[in-house]
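A short worksheet on the structure shown next.
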Amino acid sequence: MLKLILFSPLLFPLGLLAQAPDSPPGASTPGASTPGASTPGASTPGASTPGASTPGRATISGYVKDAADGEGLIGVSVYVRERGTGTVTNSYGFYSLTLPSGTYTLVFTFVSYEKVTRRIELTSTDVKLDLELREEGRQLQEVVVKSRREDDNVRSVEMSVNRVDMKTIRAMPALLGEVDLVRSIQLLPGVSTVGEGASGFNVRGGDISQNLVLLDEAPVYNSSHLFGFFSVFNPDAVKDVKLIKGGIPANYGGRISSILDVRMKEGNSKQAELNAGVGAIFSRLAYERPLFKGKGSFIVAARRSYIDVLAKPFLSGDLKGSKFYFYDLTAKANYRIDDKNTVFVSGYFGRDVFGSEEFGFDWGNGTVSGRWNHVFSNKLFLNLTSYYSNYKYGLGTKQSDPNAKDKFEWNSKIMSWSIKPDFTYFLTPENQISFGGQYINYDSQPGSAMARSNGESRNISLESRYGDESALYISNEQKIGSRLTLQYGLRYSMYRVLGPGQIYAYETIIPGERKAPDFPGTTYKSGEVIKQYGNWEPRFSANLGVSSAASIKVSYNRTTQYLHLLSNTAASSPLDVWTLSSKNIKPQIADQVALGWFQNFQDNAFEFSVETYYKDLANQIDYVRNSDLLLNPFVEGDLLTGKGRAYGAEFYLKKAKGRLTGWVSYTLARTERLVDGINDNRWFPARFDKTHNLSTVALYDLGNKWSVSANFAFGSGTPATYPTNRFEWNGWALPNNYYNARNNNRIPAYHRLDLSATKRVNHGPFSKRGSAEWVFSVYNAYNRRNPFSVYVRQNGDDSRLTEAVRYAVFGSIVPAVTYNFKF
């Protein structure tokens, strides 16, 4: 009943808009024409007139796709020259413009594609115009981190947004020569990591759990393979990458720091295609082809590491039979039912396995997404998404022997499923309205565990936790004159803590110390509402054009998060526990405001921006000293809550054209927390705070089939807590923090240089068809031993002495060779 009540407001506007007079049933006017000569850069199946429109006005709409493989192009600029206005294609390549009757020149532009011009005569009937754009004959290196229009960074209302072209990511130096999406975005302003080998990424003062990572709109709860060295995203299957750090639109919710929206390829609808690569640590293979005579397509991409295979002949003794590998499978298919209906199905499954016959653990994600695109009329577009996402891990001893007398097994997981309708109503070229909703159901199992000793088993599992989240939103992007664009919206989210469960109350006796539960607690039945939260989340962005090449942007957003990742280690690990908001754990809330200046130079060859931001965070989780987070039924008594703040400035200069391309980014920032009972109730830097962060990316096309690239990264050391004195007891020296300080020091600064060279070959490995390339890379080129952590331990020779130990993940240069081919 609650779900019906929440979504019933959608039915009224849907009914009105679906009955709008833009395309009355049965209205069809054959023989519409599009005057003007054809353009070599496009293949146009032809314009059609699907129906009558409002007298004196008509709508032109359609899809824009890549002529080479039929992929829908996201963010193509559709500009009406006579009116000085226009729109861009959405995530599926669809566009719509409603204009007064007349003759217009439409200009379609997209970075690295040939510009297309069409003369269109609009009368009283709507026109459907589909286009296919062709790539320009540019070198791959000329396409860097680009917005979709050359001046989109200045003209778009979006701010605090970066899009990363996969061609650019492939051209950048990479660890062991393997292209990685997450490592690439860590070189953008406002993005950082606590160190090499750390899972995920941090954005503007948020921890890794505060980033919503989406793969075809399904959340990915752990985006890392191999403890953070590689991401779960197969580059051969990725089409588009968008990182939103601020000014978050109303259709996104559920996290308070950022949105990483990754869209998969749809598959080549023109011809069969094979992409593959053989590297130092793993190999990958992707196959795509048309379906149903071009009405659909699919892609399947797989990867597997083979360190275990290469090392097997050299392992003996306790190491014999060791397992250490990861694999993943990504797949997607689509089918165009008719001009108004298209369906998509995509999925991901991946796993990491580490251990031996005596002990081991594994973890992995699984996602499935189904989407339906429906065009109600030339003005109203629907994308209906349903997904299932599951992240689970397990560890144990004697895993290969189920009958062992002494054995331990532990499994944990979080599952969610959702349905999400998103509507776009193209009211006028000056107003684009988005509205919709979402329902998410959560099932969190923090620990299903069994311990066996001398043949006797004991179940030490924890109760599962349940909840659901509902949301409604509406927003409008409005152009006022030629200089001002606004985007304003409102989102309302509601979260319910659901039974069954045994719930305890905790009372704070001493701030900062462990809280004891009130026994016996309260028992709730299945489906019973234990606690309910509701939050309004306003969103606002504005762009004021100062000149044709410069603008000022401002944004504000409030976001709410009902999921929490419990981790008290230096960096997040695959064994950290996801938990839900509860009667004792309040949802996290963030308010962020940002102000920026954006300017282009020399015909958009150079792009510059500077943004300042301030973020206020509420209900941030911290931990008591010596907290116990794993298999603890009273873990909420070990949690503390406080507030946070993050502020800084981001500078970004990019060269987008020519043989030499790349960017320089610098971030000056501060991230702090204030928790009652910690650090003498004073503000302290968060574990992932970095004052200075400098990144440089350079890509140069040498011609003659060779190109080179380099990355340089510098970052301040992350905070750490060191002892201030020690106790001596029974001949042992015991470190102690006398002042109760938190993060009172910093580890040394981080800096690294990576180099790469690529040789392109005009034929594939087995025939003259296709292409190939050799990639030679050097990671950590000047052999820097960057500290991941510094900790204190007993001296090995004299237990009365202590010593500081500096731990580095990479202590040497890491060279690699990769061979990629395509046909």
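Some points to look at:
- In the stretch 581-617, the residues that are touching a residue at least 60 places away in the same chain (Cβ under 8 Å), open to solvent by 20 Å² or more (accessible area, probe 1.4 Å), polar (S, T, N, Q) and not in a loop (DSSP other than H, G, I, E, B): GLN599
- Residues within the stretch 734-766 that are at pLDDT 90 or above, aliphatic (A, V, I, L, M) and part of a loop (DSSP other than H, G, I, E, B), tallied: 2
- ARG514 falls short of the stated requirement of being among the basic types (Lys, Arg), surrounded by fewer than 17 Cβ atoms within 10 Å (Cβ to Cβ) and touching a residue at least 12 places away in the same chain (Cβ under 8 Å).
- The stretch 101-126 - residue that is crowded, with 16+ Cβ neighbours inside 10 Å, of a type in the set (A, V, I, L, M, F, W, C) and within 25 Å of ARG57 (Cβ to Cβ) and, of those, farthest from the chain's Cα centre (by Cα): LEU122
- Restricting attention to the stretch 548-578, the residues that are modelled with pLDDT of 95 or more, buried (at least 22 other Cβ atoms within 10 Å of the Cβ) and either of a type in the set (Ser, Thr, Tyr) or part of a loop (DSSP other than H, G, I, E, B) (or both) total 5.
- Exactly one residue among ASP701, ASP680 is more than 24 Å from GLY644 (Cβ to Cβ) and of a type in the set (D, E, K, R), and that residue is ASP701.
- Selection within the stretch 334-365: residues that are open to solvent by 40 Å² or more (accessible area, probe 1.4 Å) and within 20 Å of LEU382 (Cα to Cα). The member of this set that is nearest to the chain's Cα centre (by Cα) is VAL345.
- Residue within the stretch 392-401 that is in contact (Cβ under 8 Å) with a residue 60 or more places away in the chain and open to solvent by less than 30 Å² (accessible area, probe 1.4 Å) present: yes
- Any hit, the stretch 757-767, residues being touching a Gly at 6+ places or on another chain (Cβ under 7 Å), open to solvent by less than 30 Å² (accessible area, probe 1.4 Å), more than 30 Å from ARG670 (Cα to Cα) and touching a residue at least 40 places away in the same chain (Cβ under 8 Å): yes
- Every residue from the stretch 439-460 that is more than 24 Å from GLN561 (Cα to Cα) and either buried (at least 16 other Cβ atoms within 10 Å of the Cβ) or touching a Phe, Trp or Tyr at 6+ places or on another chain (Cβ under 8 Å) (or both): SER448, ALA449, MET450, ALA451, ARG452
- Comparison of GLY662, GLY644 shows that the only residue that is on the phi > 0 side of the Ramachandran plot, in contact (Cβ under 8 Å) with a residue 40 or more places away in the chain, surrounded by 18 or more Cβ atoms within 10 Å (Cβ to Cβ) and of a type outside the set (A, V, I, L, M, F, W, C) is GLY662.
- From PRO219, PRO189, residue being crowded, with 24+ Cβ neighbours inside 10 Å and at negative phi: PRO189
- Residue within the stretch 535-547 that is in a loop (DSSP other than H, G, I, E, B) and open to solvent by 70 Å² or more (accessible area, probe 1.4 Å) present: no
- The lone criterion from (1) open to solvent by 60 Å² or more (accessible area, probe 1.4 Å); (2) within 30 Å of ALA686 (Cα to Cα); (3) part of a strand (DSSP E or B) left unmet by THR523 is number (2).
- For the stretch 665-685, a residue qualifies if it is in a strand (DSSP E or B), over 24 Å from GLN186 (Cβ atoms) and open to solvent by 30 Å² or more (accessible area, probe 1.4 Å), and exactly one does: LEU674.
- Scanning the stretch 717-739 for residues that are open to solvent by 20 Å² or more (accessible area, probe 1.4 Å) and either under 22 Å from ASP207 (Cβ atoms) or among the hydrophobic types (A, V, I, L, M, F, W, C) (or both) yields THR721, TYR722, PHE727, TRP729, TRP732, LEU734.
- Residues of the stretch 281-307 that are under 19 Å from VAL232 (Cβ atoms), out of contact with any Ser or Thr (no Cβ under 6 Å at 6 or more places or on another chain) and not in a strand (DSSP E or B): TYR306, ILE307.
Residues are listed down the side, and each one gets a yes or a no for (1) open to solvent by less than 50 Å² (accessible area, probe 1.4 Å); (2) modelled with pLDDT under 90; (3) in contact with a Leu (Cβ under 6 Å, 6 or more places away or on another chain):
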position	(1), (2), (3)
THR34	yes, yes, no
ARG57	no, yes, no
GLY62	yes, no, yes
GLY86	yes, yes, no
TYR92	yes, yes, no
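- For LEU129, the conditions (1) open to solvent by 20 Å² or more (accessible area, probe 1.4 Å); (2) modelled with pLDDT of 85 or more all hold with the exception of (1).
- Residue that is farthest from PRO235 (Cα to Cα) [pool: residues in the stretch 328-356 that are of a type in the set (Asp, Glu) and touching a strand residue (DSSP E or B) at 6+ places or on another chain (Cβ under 6 Å)]: ASP352
- As a summary of the residue check, ARG769 satisfies the conditions (1) outside any loop (DSSP other than H, G, I, E, B); (2) closer than 25 Å to GLY177 by Cα except for the one numbered (1).
- Options PHE282, PHE292, PHE298: the member that is assigned by TED's automatic domain parsing to the domain that holds GLU357 and at pLDDT 95 or above: PHE298
- In the stretch 238-280, the residues that are touching a helix residue (DSSP H, G or I) at 6+ places or on another chain (Cβ under 9 Å) and either assigned to a loop (DSSP other than H, G, I, E, B) or among the basic types (Lys, Arg) (or both): LYS239, ARG255, ILE256, SER257, LYS265, GLY279, ALA280
- Cβ pairs under 6 Å, 6+ apart, first in the stretch 369-388 and assigned by TED's automatic domain parsing to the domain that holds ASN90 and over 23 Å from TRP417 (Cα atoms), second open to solvent by 10 Å² or more (accessible area, probe 1.4 Å) and not β-branched (Val, Ile, Thr): none
- When the stretch 648-659 is limited to residues that are open to solvent by less than 10 Å² (accessible area, probe 1.4 Å) and part of a strand (DSSP E or B), the one that is modelled with the highest pLDDT turns out to be GLU650.
- Qualifying residue in the stretch 303-312 (condition: within 26 Å of ALA68 (Cβ to Cβ) and either surrounded by 14 or more Cβ atoms within 10 Å (Cβ to Cβ) or of a type in the set (Asp, Glu) (or both)): yes
- Set TYR473, TYR466: member being open to solvent by 20 Å² or more (accessible area, probe 1.4 Å) and assigned to a strand (DSSP E or B): TYR466
The values are calculated or read from the model by the stated rules, or taken from the named source; none is laboratory data. Keep in mind it's a predicted model, so treat the numbers as computed, not measured. Cβ coordinates were reconstructed from backbone atoms using ideal geometry, including for glycine residues, and neighbour counts include every protein chain displayed. We work out accessible area using only protein heavy atoms, side chains counted, and drop any ligands, DNA or RNA first. Shrake-Rupley method; radii C 1.70, N 1.55, O 1.52, S 1.80 Å.
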